[in-house]
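The values are calculated or read from the model by the stated rules, or taken from the named source; none is laboratory data. Worth saying up front: this structure is predicted, and the values here are computed from it rather than measured. We place every Cβ from the backbone using ideal geometry, glycine too, and count neighbours over all the protein chains shown.
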Amino acid sequence: MYEIEIKDMDMNQIAVSGQCFRIRRQRDCDAVWSVTANGEYVEAVQQGNRFLFSCNQEVFDNHWSLYFDLSRDYGQIKKEIDPEDAYLQEAVKAGWGVRILRQDLWEMIVTFLISQNNNITRITNSVEALAVKFGQKKNSRGLIRYDGENWQETDREFYTFPDPQQIAQGGMEALQGLGLGYRDKYILDMAQFCSSQEGKNWLTQLLDCDYEESHKRLMTRYGIGRKVADCICLFGLHHVGAFPVDTHVKQIVAAYYPGGFPLDQYPGIAGILQQYMFYYKLNK
DNA sequence: TACCAGGTCGCTG
DNA sequence: CAGCGACCTGGT
């Protein structure tokens, strides 16, 4: 176990902010969060700014610290927001603990292919169904309460998110029954492409492209339009200047930003502000 | 019963 | 290039 103090972070807000679909409350205990990412698993308990993780400090420093984007000062971001912008200020007040996680590129590609014209409950179910069906079952450590106040480690099982080959393996047939709907063909096409050498290179090279270039390259693939490409840039490549405009953001802009959202005012951080607004709209 | 959900595709004008 | 209907599916 490892205990650490972290500012500007709230597990619940992150879990329901619509950027990740594999952070959820541990089924046996509401206070425990289970997090699956990059082939690893950890559980966490939060009390205010204090967090207890089920991994040791070395694993936390090498893995989870990066995942939770701890090197970025979100307090500073908040200070850069226009104090006159009432809606954004309200959004930050509500979603003060939202961060942009550093998630796996391939997982984000598949996840946001699933997300189109869909809702968060169904996306979550489909992502988990993919993991259970095609992912690898692994063992890790979790947290369990042993008296009123203290925690100890316990064994857990989890499923990794499947790689392209694992998803492509069974063809269209294997993708039925996962609630993917018509998106199944996009996912199969992407899985087959990313299993090829050309696709592997494409994935690797995306990591080195700037926002403009990666957005352009993502858009060339079947099933990825402007919005999904922006989500992949923001959540899978950590281009936090990307500003995905979905149905909710459209509604926000229409209601509160008659002249359009002032993107010019926030170069390089618009995606973080978008996340505050998105969280606020869905959870107020 | 219709409409909606973190949209995109394919077709039409 | 812009506009528009179709689209899996589960929930209100």
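Using the structure shown, decide if A:ASN118 is within 14 Å of DNA strand B (Cβ to nearest atom), surrounded by fewer than 18 Cβ atoms within 10 Å (Cβ to Cβ) and assigned to a loop (DSSP other than H, G, I, E, B). Yes: the conditions hold for A:ASN118.
If you filter the range A:121-143 down to residues that are of a type in the set (Val, Ile, Thr) and out of contact with any strand residue (DSSP E or B) (no Cβ under 7 Å at 6 or more places or on another chain), you find that the one that is farthest from DNA strand B (Cβ to nearest atom) is A:VAL127.
Being charged (D, E, K, R), more than 16 Å from DNA strand C (Cβ to nearest atom) and in a helix (DSSP H, G or I) is the filter; apply it to the range A:177-210 and report the residue that is nearest to the chain's Cα centre (by Cα). Please lay out each step first, then the result.
Taking the range A:177-210 first, the residues charged (D, E, K, R) are A:183-185, A:189, A:198, A:200, A:208, A:210.
With more than 16 Å from DNA strand C (Cβ to nearest atom) added as a condition, the list becomes A:198, A:200, A:208, A:210.
Next cut, in a helix (DSSP H, G or I) only: A:198, A:200.
Details: A:GLU198: 26, A:LYS200: 22 Å.
Checking each candidate, the answer is A:LYS200.
Taken over the range A:211-228, the criterion of being within 16 Å of DNA strand C (Cβ to nearest atom), on the phi < 0 side of the Ramachandran plot and surrounded by 13 or more Cβ atoms within 10 Å (Cβ to Cβ) is satisfied by A:HIS215, A:MET219, A:ILE224, A:LYS227, A:VAL228.
Contact map, the range A:44-66: residues that are under 17 Å from A:ILE144 (Cβ atoms) paired with residues that are in a strand (DSSP E or B) and acidic (Asp, Glu), Cβ distance under 8 Å, separation 6+ or inter-chain. Pairs shown: A:PHE51/A:GLU3; A:PHE51/A:GLU5; A:LEU52/A:GLU3; A:PHE53/A:GLU3; A:PHE53/A:GLU43; A:SER54/A:GLU43; A:SER54/A:GLU153. Taking each residue of the range A:104-121 that is closer than 10 Å to A:ILE224 by Cα and looking for partners that are within 11 Å of DNA strand B (Cβ to nearest atom) and outside any helix (DSSP H, G or I) with beta-carbon atoms closer than 6 Å, six or more apart or interchain, yields A:LEU113/A:GLY223. Residue pairs whose Cβ atoms lie under 6 Å apart, sitting 6 or more positions apart in sequence or on different chains, and linking a residue in the range A:210-223 that is without any contact (Cβ under 8 Å) to a residue 40 or more places away in the chain and among the hydroxyl-bearing types (Ser, Thr, Tyr) to a partner that is away from DNA strand B (no atom under 15 Å from the Cβ) and assigned to a helix (DSSP H, G or I), are A:SER214/A:LEU206. Which of the residues that make up the range A:170-184 are out of contact with any helix residue (DSSP H, G or I) (no Cβ under 7 Å at 6 or more places or on another chain) and within 15 Å of DNA strand B (Cβ to nearest atom)? A:GLY181, A:TYR182, listed by residue number. May I ask you to verify whether A:ASP69 is in a loop (DSSP other than H, G, I, E, B), crowded, with 16+ Cβ neighbours inside 10 Å and in contact with a Gly (Cβ under 9 Å, 6 or more places away or on another chain)? Against the criterion (in a loop (DSSP other than H, G, I, E, B), crowded, with 16+ Cβ neighbours inside 10 Å and in contact with a Gly (Cβ under 9 Å, 6 or more places away or on another chain)), A:ASP69 does not qualify. Per the listing A:VAL240, A:VAL253, the residue uniquely within 13 Å of DNA strand B (Cβ to nearest atom), surrounded by fewer than 19 Cβ atoms within 10 Å (Cβ to Cβ) and either at pLDDT 95 or above or part of a helix (DSSP H, G or I) (or both) is A:VAL253.
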